[in-house]
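Read the structure below first, then the notes.
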Amino acid sequence: MTVTDVPIATPSPVLAAARRRGRGLAPVLPALALIVVVFVIPVLALLLRSVLEPEPGLQNYAAFFASTTYLKVLGNTFLVAGTVTVATVLLGFPVAWFLAIAPSFWSRLLFAIVILSMWTNLLARTYAWMVLLQRTGIINRTLMEIGLISEPLPLINNLVGVTIGMTYIMLPFMILPLHATIRSIDPAIFQAASLCGASRFQAFTRVMLPLTASGIAAGALMVFVMSLGYFITPALLGGTSNMMLAELIAQLVQSLLDWGLAGAAALVLLVITLAIYMVQLRFFGFGQARG
Amino acid sequence: MTFLEISNISKTFGKVAAVNDVSLEITQGEFVTFLGPSGSGKSTTLYMIAGFFEPTAGDVRLEGRSILAEPSNKRNIGMVFQRYTLFPHLSVAENVAFPLRVRRRPAGEIARKVEEMLALVRLESFADRMPAQLSGGQQQRVALARALAYNPPLLLMDEPLSALDKKLREEIQDEIRRIHRQTGVTILYVTHDQEEALSLSDRIALFNQGRIEQLGKGRELYDAPRTRFVADFIGHSNFIDCAITRSEGGSADIVLPDGGTLNGISLHGAAVAGARAGLMIRPDRLRFSPLGEGAEPGIDAVLTDATFIGETYHVVLATGWGASVNVRIPASRIRPQDLTMGTHVRLHWEAGDARLFGQ
């Protein structure tokens with residue numbers, strides 16, 4: 001194998017001809033139609049309502065940014081998404097590394113656990129955390145019995161609970177892309193680094209981190225963006241005083257019937273998400289593992 | 001003075017002894033090759049010196065000091081790997097600078113050294129390229145520059161050319177020889193390719209089943225193999241089955257399958273009268289003459305095939321009991337009309353060219 005034969009996508013004449021005739025698009029149409037009907041149109045409708053209700057103008061956006069309550073919700077959202085992202089990187093990296101280097105029995109077992117946990121019903125997993133985290137839950141009882149604390153820790157109905165629950169739920173979305181990146185690195189490179197005189201720490205910072213940066217970025221983007229708009233876990237594990245943006249939107253629509261303000265909040269979330277995605281594209285291409 | 005001393009090292013994986021009681025002394029500036037088939041323990045031995053495997057028993061001393069307690073990043077040993085191990089995110093110059101950077105050398109020294117090393121491997125103009133933009137041969141030359149950048153007293157090379165094609169291999173072999181001469185670094189080189197071993201090394205350690213079967217200059221291994229394995233692995237050999245009728249000191253008398261006898265052949269390995277043995281003669285040491293010209297000792301045979309392969313003829317003969325024997329004869333020493341199929345001839349050789357190996 002030579003290193004020069006990097007696969008270059010050569011345009012296939014057959015495909016190109018099909019594309020000219022517009023036939024290539026036909027199989028995509030059903031899915032495209034579905035996306036337009038259930039995603040694009042409702043989102044556009046919501047965004048329109050944000051500038052049309054109760055009367056045309058930007059008053060909904062002005063209200064959103066003028067309210068300290070709403071800005072605090074925005075802050076909470078970023079705080080939780082950021083903390084969850086950092087926590088999944090720190091917790092996921094060792095797991096992804098182990099998956100890549102462990103003997104096949106152990107790596108398959110761990111892989112199965114990660115995937116199974118992703119496949120388990122989200123509500124079931126979140127309720128399980130409620131059981132674990134509540135005042136009389138297993139965690140608090142255990143800590144009190146071994147005498148570490150005298151009063152139950154407030155682990156639920158606040159951002160701590162939301163962060164713990166979401167970190168757990170987001171972990172696979174960090175582990176999977178990171179694992180793909182780490183697995184593409186030849187372990188002999190680390191032997192070479194060691195013989196070159198690099199300590200474990202130097203091998204990590206000078207070789208491992210740069211080579212896995214694209215995987216970390218891909219995982220972090222996925223986790224951060226998903227966390228920004230997450231609803232179920234914050235709704236169940238969070239409190240009413242410290243909401244996240246998705247909860248606020250739901251409340252505005254369901255309880256206050258304020259579609260205009262809800263649309264404004266949704267657009268703010270969408271713009272922020274797109275901005276982060278653009279930054280990611282700028283620095284890491286499409287977030288693919290380096291080849 | 002002994003520079004590198006490997007004493008009685010062994011390595012077992014589970015119940016398998018990958019390396020079994022290997023000892024070796026190497027002097028400074030020497031080029032020693034570990035040669036052997038795959039799984040013979042040659043790479044495992046190298047990896048123990050590098051610090052990637054811990055020996056089950058034994059010691060490795062470099063300049064009189066045991067290095068086994070040190071992790072590989074403290075051993076100050078250079079190594080070129082079989083696979084391409086350049087850091088893909090660093091340019092050629094940054095790769096060569098890497099070992100100096102982690103040693104926190106001053107920037108001026110690093111720049112000078114990188115320039116010097118790239119000149120050594122003749123890749124000055126590639127300093128800013130990324131590894132992915134280099135051919136396999138160029139990558140291995142950069143790896144060599146990186147491994148020598150910190151002036152290691154010892155350079156390990158683990159089949160560095162096995163991923164390259166033949167022409168490129170020969171080119172880089174010349175480079176390695178030149179760099180060895182130029183730097184005087186002590187080199188331990190692992191390969192399964194005997195031509196590579198013969199053309200590069202001062203001495204060859206031939207590995208078989210975790211042990212060093214024979215250690216010596218390439219010519220010694222070829223001319224005076226001590227075991228049948230060595231005779232078989234280095235160069236081509238004919239082994240003619242026979243039985244020992246008398247053995248005394250280092251020599252024996254034998255009887256061939258057709259009842260013919262040969263006396264006083266040098267014997268290697270324990271063998272008593274009655275034991276089976278192999279009579280080894282190199283194809284280039286065998287001659288044959290028309291029957292009746294009275295060359296002794298000899299074996300009667302029939303010419304069955306002759307191929308001109310440039311410079312030499314490769315001739316195949318069949319003995320009376322059906323064994324086939326290969327002979328190589330320089331084209332200048334034989335006329336094509338003497339190579340008629342079916343001709344009855346007598347195979348003969350100089351007394352010193354036949355060796356007997358007990359089985």
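Here are the numbers for this structure:
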quantity	calculated
Cα pair distances in the stretch B:236-358, grouped into 10 Å bins until the bin that holds the longest one, percent each	13, 45, 30, 11, 1
Intensity falloff of the stretch A:63-284 expressed as log10 I(q)/I(0), Debye formula with alpha-carbon point scatterers, at q = 0.07, 0.13 Å⁻¹	-0.29, -0.89
Heavy-atom accessible area order for B:S162, B:S332, largest first, 1.4 Å probe	B:S332, B:S162
Cα pair count fraction exceeding 25 Å, expressed as % - the stretch A:87-194	39 percent
Whole-angstrom Cα spans of the protein assembly as shown along principal axes, big to small	123, 73, 54
Total accessible surface hidden between B and A, rounded to 100 Å², 1.4 Å probe	2200 Å²
Rounded accessible area of B:T261 (nearest 10 Å², 1.4 Å probe)	90 Å²
Largest to smallest accessible area among B:D338, B:D193 [probe 1.4 Å]	B:D338, B:D193
Within chain A, helix-based [θ] at 222 nm, where runs of 4 or more DSSP H residues each add -39,500 (n - 2.57), nearest 500	-22500 deg cm²/dmol
Alpha-carbon Rg with Dmax, taken over the stretch A:158-223, Å	15.2, 49
DSSP beta bridges in chain B [antiparallel fraction, %, rounded to 5]	75 percent
Accessible area in square angstrom per residue, the protein assembly as shown, 1.4 angstrom probe	50 Å²
For the stretch B:46-86, residues shielded by at least 20 square angstrom of accessible area compared with the chain on its own, probe 1.4 Å	B:F52, B:S72, B:N73, B:I77, B:F81, B:R83, B:Y84, B:T85
MRE, 222 nm, helices only [DSSP H, n ≥ 4, -39500 (n - 2.57), over chain B, to nearest 500]	-7000 deg cm²/dmol
Accessible surface of B:W349 - all protein chains present, 1.4 Å probe, nearest 10 Å²	20 Å²
Heavy-atom accessible area order for A:D186, B:D174, largest first, 1.4 Å probe	B:D174, A:D186
Extension gain (nm, one decimal) between A:D186 and A:F78, 0.36 nm per residue minus Cα-Cα	35.2 nm
Accessible area of B:V102 in the full protein assembly, 1.4 Å probe (Å², nearest 10)	10 Å²
Exposure rule at most 13 other beta-carbon atoms within 10 Å, DSSP loop GluC sites (Glu not before Pro): chain B longest free segment	B:64-292
For the stretch B:112-166 and the stretch A:95-110, distance of Cα centres in Å	33 Å
Shape category assigned to chain B from the gyration tensor of Cα positions, a/c cut at 1.5	prolate
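The values are calculated or read from the model by the stated rules, or taken from the named source; none is laboratory data. This structure is a prediction, so every number in the text was calculated from the model and none was measured. All Cβ positions, even for glycine, are placed from backbone atoms using ideal geometry, and neighbour counts span all protein chains on display. What goes into the accessible areas is simple: the full protein's heavy atoms, side chains included, and nothing from ligands, DNA or RNA. Shrake-Rupley method; radii C 1.70, N 1.55, O 1.52, S 1.80 Å.
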